[in-house]
Amino acid sequence: MATTTLSEQLRVLDGPVDLTSYDSRATPGFAGSKKDQPDAMAALAAVLADRQERLYAAGAAGVGDRRVLLVLQGMDTSGKGGTIRHAAGMLDPQGVQVTSFKAPTPEELEHDFLWRVERALPSPGRIAIFDRSHYEDVLIGRVRALADPAEIERRYDAITAFEKGLVDDGCVVVKCFLHITPDDQLERLRARLDDPTKHWKYHPADVDERMLWPRYREAYEVALERCSTSYAPWFVVPSGRKWYRNWAVAQLLAEHLGALDLEWPTADFDVEAERERLDATATVGTQAGIGTRSTAPTA
């Protein structure tokens, strides 16, 4: 019997999306409980290390155009930053770039909404992680009426065309919606107020945005429905349990890297000839006393 992947379990299916039907504290695909998660993450770390190095090696050798874009979206306190620390933190940083999209700058507002996103895309062999993304322009843009309805509609089509172009150009797009409920958020905001070491993470504006929860949920449902495609599907990651969220995103990333089925780049030189040349240098540094350790007493 074929094993169902986590990607298959969390993928948004065709048709209307109702986020109230998703259990934020579910743990699909994870065989065990919270106490088993550290071992599962350790096993994943080894898998990710191998698969990421193959991706990076191909890019460094200039033999492929494959790269990965991981998009993290979710309501405040859903754990985008925590996911980056715990899941993406298992990756080799030299092959990763993280971009956090805040409110557009005056320069960015002078361009189309995708302009700033295009500047942060990964080069071959690298993994780019977006903490928020181009979807902000159909989320807060819709909720706060920062653009008229016709422009918002245009943006849905622009996003799907943009992502299709990325995939056609060799980029794997992994889009994770970190799903929490209003009760999950309330608990986490209270925890920030109760802990002085977390006050820096609390912003009074979070309460203002929380009051708009139904409108944000609707905006997310439309975005998930309109922009989940066969080439760049959305995944709804239950994020009421932080430990599961971290494992799930890491697992999704591992599955997508594995699907690339990357081989190690072959040498573009004669390996045996180079071995002979290298062996011939075995005495380099030892001739005429060069490189030998002095036996003279130190001062």
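A few points about this structure:
- Gain on full stretching of the segment that runs from ASP148 to THR99 - 0.36 nm per residue minus C-alpha separation: 14.9 nm
- Rounded to the nearest Hz, the phi-derived 3J(HN,Hα) couplings of region 231-241 under the Karplus curve 6.51 cos²θ - 1.76 cosθ + 1.60 (θ = phi - 60°) are 8, 9, x, 8, 10, 8, 9, x, 10, x, 10, where x marks glycine and proline.
- Couplings for region 49-60, taken from phi via the Karplus curve 6.51 cos²θ - 1.76 cosθ + 1.60 with θ = phi - 60°, read 4, 5, 6, 5, 5, 5, 4, 5, 4, 4, x, 5 Hz in order; Gly and Pro are left as x.
- Once backbone amide H atoms are built at 1.01 Å from N, SER100 has ASP131 as its partners under 5 Å, excluding neighbours fewer than 5 places away on the same chain.
- Taking θ as phi - 60° and the Karplus parameters 6.51, -1.76 and 1.60, the scalar couplings of region 193-206 work out to 6, 7, 10, x, 6, 10, 4, 5, 8, 8, 10, x, 5, 4 Hz in sequence order, x denoting glycine and proline.
- Qualifying trypsin sites (Lys or Arg not before Pro) in region 77-172, DSSP loop, other Cβ atoms within 10 Å at most 13: LYS102, ARG119, ARG144
- Region 86-188: Cα Rg divided by the 2.2 N^0.38 Å rule of thumb: 1.20
- Between amide H atoms placed 1.01 Å from N, distances below 5 Å from LYS175 occur with VAL71, PHE235, all of them 5 or more places distant or on a separate chain.
- Heavy-atom accessible area per residue - the chain, 1.4 Å, Å²: 54
- Note on Kirkwood radius over Cα pairs in Å: of the candidates (i) 21.7; (ii) 19.5; (iii) 20.4, the value calculated from this structure sits at (i).
- Carbon and sulfur %, accessible surface of the chain computed with the full protein complex present, 1.4 Å: 53
- In this label model, ALA45 and GLN9 are separated by 2.3 nm, measuring between points 7 Å along each Cα→Cβ vector.
The values are calculated or read from the model by the stated rules, or taken from the named source; none is laboratory data. Just so it is clear, the structure is predicted and the values come from calculations on it, not from any experiment. Because the Cβ atoms are built from the backbone with ideal geometry, glycine has one as well, and the counts that use them run over all protein chains shown. The protein model used for the area step is the full one, side chains on, heavy atoms only, and it has no ligands, DNA or RNA in it. Shrake-Rupley method; radii C 1.70, N 1.55, O 1.52, S 1.80 Å.
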